[in-house]
Amino acid sequence: MRPSPERLGSGSLRPQPIVGLVVDNWDWHARQLADAFAARGIGTAPIRLSLCAFRTQARSGLHIDGFGESLPDAVVVRTMSGGTFEVVTLRLGILHALRELGVIVWNDARAIERCVDKSMTSFLLARAGIATPDTWVTESFEHARAIVQREAGAGGLVLKPLFGSQGRGLRLIHKPDDMSRDGNGTGVYYLQRFVGVERDGYHDFRLLVVRGRVIAAMQRRSSHWITNVKRGGRPVAVVVNDEMNALAVRAAAAVGADFAGVDIVYTADQQPTVLEVNSMPAWSGLQKVTSANIAGIFVDALKSALAARARQGAIT
């Protein structure tokens, strides 16, 4: 049974720390995290951002779902549903405010914003000198067609939804006529150089990074160029080399993520290249092919962060 934060009270009166899990539903991942926290003497409670609010007259200035005017010791953002621009802005604002109040938030709103917006991810990776495919993003259909006209001779381009996930809505573009004015129906054209290579099918790698360390990795194999597990990709156990480890850690740092899923592919010239960084990665497929206790490692890292904050508070 999930612990009730109302019973636990607030602040130092709590018999144990309590972590709020931002979720849309209490799924396998949430249960894995809750069990791992419970095994380490840390309580958990779900937080629905749709039921959180700003209340400037409250002590914290916030009302947090399930916590009232008290605050969790930390917040883990497992999933965050979409909505209108105003709704998403409000929900991210709640996460920003929690961080301003000194609550540990993994990942915080800034990292989520950077990863959800693929154009910003590409920008930050390139600025950090991290190998990533050439990318163009524009609102102009005419400009997008001109990019395809100019660049398609050097290889295909992938048209992606700016806010897409799990491989949905991807299209491989080879010529200007492959483009439609509708694009992905968003009015934004995100075009990225296609660097996949057919080697008896296609494959890439997903590496999970927690606080600057790769904790687990898998290879994803598919007969199709879209290798996401949700799109039929098959997870395969793999031991990644030092080069990929270092690249994944740098990519997570570039977007400011404490916890990230980094997708890497080897190009035709055998260079590891970062495709995307996910700030709310799932790991059910990866857990099937690794002996690492992913939820347990994550929780241990957060527990260490809570302990470090407590020591800092004792010193100050």
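The values are calculated or read from the model by the stated rules, or taken from the named source; none is laboratory data. These numbers were taken from a predicted model, which means no experiment stands behind them. Using ideal geometry, Cβ is built from the backbone for each residue, glycine included, and neighbour counts are taken over all protein chains shown.
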Residue pairs meeting the criteria (Cβ under 9 Å; at least 6 apart or on separate chains; first at positive phi and outside the structural domain of G285 (by TED's automatic domain parsing), in the range 166-181; second modelled with pLDDT of 85 or more and of a type in the set (G, A, S)): Q166/A282; G167/G233
For the range 127-151, give me each residue that is in contact with a strand residue (DSSP E or B) (Cβ under 8 Å, 6 or more places away or on another chain), surrounded by fewer than 16 Cβ atoms within 10 Å (Cβ to Cβ) and aliphatic (A, V, I, L, M). none
Just to verify a result, which residue in the range 222-250, among those that are under 17 Å from L170 (Cα atoms) and among the charged types (D, E, K, R), is farthest from the chain's Cα centre (by Cα)? R231
Would you confirm, using the coordinates I've provided, whether R99 is charged (D, E, K, R), at pLDDT 95 or above, closer than 30 Å to A310 by Cα and surrounded by fewer than 16 Cβ atoms within 10 Å (Cβ to Cβ)? yes
Please state which of the following conditions A131 fails to meet, knowing it meets all the rest: (1) closer than 24 Å to L306 by Cα; (2) touching a Ser or Thr at 6+ places or on another chain (Cβ under 8 Å); (3) of a type in the set (A, V, I, L, M, F, W, C). (1)
The one condition in (1) at pLDDT 95 or above; (2) surrounded by fewer than 22 Cβ atoms within 10 Å (Cβ to Cβ); (3) among the aromatic types (F, W, Y) that W26 fails to fulfil: (1)
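Quick check, is T44 of a type in the set (S, T, Y), farther than 30 Å from T138 by Cβ and assigned to a strand (DSSP E or B)?
Numbers: of a type in the set (S, T, Y): yes; farther than 30 Å from T138 by Cβ: yes; assigned to a strand (DSSP E or B): yes.
Here the answer is yes, as T44 does meet what is asked.
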Looking at the range 220-234, is at least one residue within 16 Å of V277 (Cα to Cα), touching a Ser or Thr at 6+ places or on another chain (Cβ under 7 Å) and either without any contact (Cβ under 8 Å) to a residue 12 or more places away in the chain or assigned by TED's automatic domain parsing to the domain that holds E276 (or both)? yes
Residue, modelled with the highest pLDDT, within the range 118-163, restricted to residues that are part of a helix (DSSP H, G or I) and basic (K, R): R127
Does V87 satisfy the condition of being out of contact with any strand residue (DSSP E or B) (no Cβ under 8 Å at 6 or more places or on another chain), over 24 Å from G313 (Cβ atoms), surrounded by fewer than 21 Cβ atoms within 10 Å (Cβ to Cβ) and not polar (S, T, N, Q)? yes
